[in-house]
Amino acid sequence: MLKDWVWRFLVRIVFLSSWCVFSVLSLESVFSSLFLLILVLLLILQMSVPLQTYIGFTDGACRNTQNISSAAWVIYSPSDELVSMHGVSLGQTMNNIAEYSAVIELLSESISFGIRSLIVKLDSELVVLQLNRVYAIINPVLLRLFLRVRLLECEFDYIEYQHIPRSLNTLADSIASRMLNRHLQ
């Protein structure tokens, strides 16, 4: 299961640590070698266990005529089971603020579920490019939301942002639209 180079490395470490035990080196160096061996073994075990990567979809919606917006997010397990889906009405904001708010809510809820590995899929290409540090952020409100996302990212072992077409984001899109309609009634 482990790669050949990992096995060769382990054999070398074991050989070196056993050499230290049988040589005239101090007891302190023997213990430090064994500590290093244990640390390497734990690291290799951690590398060999794949992360359970969850998939999150987000969408922000805005109706300029009524001047309201909403955010929605959906979480799927690694086995494609629906874990959670929610939406909120945000009131008067711009569309990009709604998109960032959806990402923030998704990350917050994922953290509360104990999710450590997440792929976030959204249909806002601008937000994806900003979160992937391709585009700079000039708007101070968006910058503050961007920094909030960065703080939440610290709770994850792995996080990735992917742009998808709107046609592949139908559930989050329909929840966001439903939240807008509910707010208008």
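The values are calculated or read from the model by the stated rules, or taken from the named source; none is laboratory data. Just so we're clear, the structure is a prediction, and the values are computed from it rather than from any experiment. Counting neighbours? That spans all protein chains shown, and the Cβs are built from the backbone with ideal geometry, glycine included.
Numbers at a glance
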{"quantity": "Per-region count, the range 144-174, residues loosely packed, with under 14 Cβ neighbours inside 10 Å and either free of Cβ contacts under 8 Å to residues at least 24 places away in the same chain or over 21 Å from Ala72 (Cβ atoms) (or both)", "calculated": "9"}
{"quantity": "Conditions (1) touching a residue at least 40 places away in the same chain (Cβ under 8 Å); (2) in a strand (DSSP E or B); (3) among the hydrophobic types (A, V, I, L, M, F, W, C): number failed by Val103", "calculated": "(2)"}
{"quantity": "Members of the range 112-127 that are surrounded by 20 or more Cβ atoms within 10 Å (Cβ to Cβ) and either within 8 Å of the chain's Cα centre (by Cα) or more than 12 Å from Asn169 (Cβ to Cβ) (or both)", "calculated": "Ile115, Leu118, Val120, Val127"}
{"quantity": "Number of positions in the range 106-123 that are farther than 16 Å from Met85 by Cα and touching a strand residue (DSSP E or B) at 6+ places or on another chain (Cβ under 7 Å)", "calculated": "2"}
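Quick grid of which residues meet (1) farther than 30 Å from Leu184 by Cα; (2) at pLDDT below 70:
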position: Met1; (1), (2): yes, yes
position: Leu16; (1), (2): yes, yes
position: Ile55; (1), (2): yes, no
position: Leu90; (1), (2): no, no
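Okay, residues lined up against (1) under 15 Å from Ser70 (Cα atoms); (2) in a loop (DSSP other than H, G, I, E, B); (3) in the same structural domain as Tyr76 (by TED's automatic domain parsing):
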| site | (1), (2), (3) |
| --- | --- |
| Ile97 | yes, no, yes |
| Leu107 | no, no, yes |
| Ile119 | no, no, yes |
| Val127 | no, no, yes |
| Ala136 | no, yes, yes |
| Leu142 | no, no, yes |
